[in-house]
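Some notes on the structure that comes next.
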Amino acid sequence: MRDTTNRAYRATRDGAARVVGRIRRRWRTTTPQERQTVRLAAGSAALGLAVALTAVAVTGPWDSGQRTAERTWAAREGQGSGGKHTPGQDGGRAGLTAPQVLAAAGPAQGRGGSGGKGGTGNGAARDDASQRADQVPPPTSSALADTLEPLLKDGSLGSVRRASVVDVVTGRQIFSERASEPSTPASTVKLATAVAALTAAGEGHRVATRVVADGDKVTLVGGGDPTLTADDLAGLARDTAGALKKRGIDKVTLSYDTSLYSGTDQHPIGPNENLAPVTPLMLNEGRLAGTSRTGSGGEAEHGPAPRTDDPAGQAVEAFGKRLAGEGVRIRGTATAREAPGAAEQVAVHRSATLGALVERMLTHSDNDIAEALARQTALAQGEPASFDGAGRAVERVLRRLDLPLKGAHFADGSGLDRDDRVSAGLLTQLLSRAADPGKPALRPVLTGLPVAGFTGTLGGRYGGERGEPGAGLVRAKTGTLTGVNTLAGTVVDADGRMLAFAFMTTGTQERDAAQGVLDRLASALANCGCRDSPSAG
């Protein structure tokens, strides 16, 4: 019977992989306007694979875990998300929405589950998951060792090698290679930043940029939104001008307030195209005009770009020009000052939800958003919004979640600081918590992960004309510094079991070679039933 089941799995998996390969080939020949349709097809192919595998396994853990919670989250959020967080940004282009795609997976389950310490609900979802999990056993530790250990010995990896694989249904670690020993995570530390921010501030929290007025003195007050755009400033200027005109004021003194953050605004890496000076007021992440990169289809700007050394000054200058365009004259040059307590709010812009910001941060490994989310965690925890305060706050929140923090250190929120330290075991537990049906507020940690061969920082990996085995199946956060390569994410294996993994290495000599080995490790999990060790037979 098991042989028949395994053949069904492999046939379904291989068929879906061929579909993914065709989609990838079409991707290379499409125009930016056509790629949204390709993305939907890719998502449907990956989802179809998961659904088929689950059906063969009598639903399995995917139904009671990630899929159900994502469907609930998508139905609640509707069509607005991401950098352009207003419905209808596609100009009326028809296409499937997330609720429509997820609905094809079957009827929604009721939300619930305890998920251990800090969980909510009555435990029904977790109990149901455990019952179905008995029908789809997880991989055995010995079989995983036979599959992964030869790859971990590859000479392309550095001298420091860490690995952890966790069964998401139970949270149990089923493979470990020095998984409890911390090492440099690079950008995979953003998983910790995301979980801490969502836990401390909530997925629905929005960051406010305000304009306050005290007579004819107007102050633009930064709240920590690095994604503020020129259109957002235009809206603030329009609302401000309207409020001033009602008071008979047409000439003002303009200032700006960045007092929300404390400490240095310079990351230890110094001025860098990967990160602007960290201030609570900035326009488009401090990118210089004419140098920014946008994704295909015109989505939010991301990736390295030249940055201004004065993001707050750039933002207030742009705001002043738009205010003048609304008929309000500006005296002199804008200066920095803390807004007086008696000043009255006349306009406000609120960012995308924290959940949407987390998704954008993880998909594109956005360092500016990461540092902003770390400071939102600090503010929610009553800590100074500084590098040190944010690090303490992130650690405190994760400790309350009873996560394995031995040796952990959070020097920043982005992973650019080499003093960051986390273990592979911590990374897999963060992912496992995010998949817990009892913690739907953490679901953006999973939905924001890049998809191998298609999106974000994994869009250019798992290549090849026929597609690598993990293309469309592996969802993972990447991490890259000179000599440091990491990969942490989730897969549904060939038996329909959802696994979280983390592979970390330090001391690598060739980035591309090391990344290739990490990709093969994740692909091996996606294509492995691994219930019986070949060496045991």
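The values are calculated or read from the model by the stated rules, or taken from the named source; none is laboratory data. Predicted model, so just to flag it, every value in this text is computed and none were measured. Using ideal geometry, Cβ is built from the backbone for each residue, glycine included, and neighbour counts are taken over all protein chains shown. Keep in mind that these areas ignore ligands, DNA and RNA; they rest on the heavy atoms of the full protein, side chains included. Shrake-Rupley method; radii C 1.70, N 1.55, O 1.52, S 1.80 Å.
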Inset, instruction - Please provide three numbers in whole Å: the alpha-carbon extents of the range 186-286 along the principal axes, with the largest listed first. - result: 53, 31, 24
Inset, instruction - Would you please state the base-10 log of I(q)/I(0) at q = 0.19 1/Å for the range 330-482, with intensities from the Debye formula using one equal scatterer on every alpha carbon? - result: -1.31
Inset, instruction - Sort Thr333, Thr455 by accessible area with a 1.4 Å probe, largest first. - result: Thr333, Thr455
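For the range 352-439, just run the numbers: alpha carbon Rg, then divide by 2.2 N^0.38 Å, N being how many residues it has.
Details: Rg = 12.7 Å, N = 88, 2.2 N^0.38 = 12.1 Å.
In units of the 2.2 N^0.38 Å rule of thumb, it is 1.05.
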Inset, instruction - Could you look at the range 295-427 and say what percent of its accessible area is carbon and sulfur, using a 1.4 Å probe and all protein chains? - result: 45 percent
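Please report the relative contact order for the range 358-485, taking Cα pairs under 8 Å with a sequence separation of at least 6, and give it as a percent rounded to a whole number.
The value is 22 percent.
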Inset, instruction - Would you mind listing how long the range 220-345 runs along its three principal axes, going by Cα atoms, in whole Å with the largest first? - result: 46, 37, 22
Inset, instruction - Check the straight Cα-Cα distances from Lys190 and name the lysines below 24 Å, setting aside those fewer than 8 residues away within the same chain. - result: Lys84, Lys117, Lys406, Lys439, Lys477
Inset, instruction - Quantify how much of the Cα-Cα distance distribution of the range 340-396 extends past 14 Å, in percent. - result: 62 percent
Legend entry - Where Tyr256, Tyr462 fall by accessible area, highest first, once all protein chains stay in place (1.4 Å): Tyr256, Tyr462
Inset, instruction - Over the Cα atoms of the range 436-527, compute the convex hull volume and normalise it per residue, giving Å³. - result: 94 Å³
Legend entry - Residues of the range 494-530 with amide N under 12 Å of a point placed 7 Å along Cα→Cβ from Arg178: 504-507
Inset, instruction - For the range 398-492, state the average projected area of the convex hull of the C-alpha atoms over all orientations, rounded to one decimal in nm². - result: 7.2 nm²
Legend entry - Solvent-accessible surface ranking, highest first, for Glu177, Glu317, Glu383 at 1.4 angstrom: Glu317, Glu177, Glu383
Inset, instruction - Before anything else, pin down the relative contact order of the range 469-537: Cα pairs under 8 Å, at least 6 apart, normalised by residue count, whole percent. - result: 35 percent
Inset, instruction - Compute the semi-axes of the equivalent ellipsoid of the range 474-528, taking the square root of 5 times each eigenvalue of the Cα gyration tensor, and list them largest first in whole Å. - result: 23, 10, 7
Legend entry - Peptide ranges 338-346, 220-228, 141-149 listed from the most packed, as the mean C-beta count within 10 angstrom indicates: 220-228, 141-149, 338-346
Inset, instruction - Give me the compactness ratio for the range 139-199, meaning the Cα radius of gyration over 2.2 N^0.38 Å. - result: 1.31
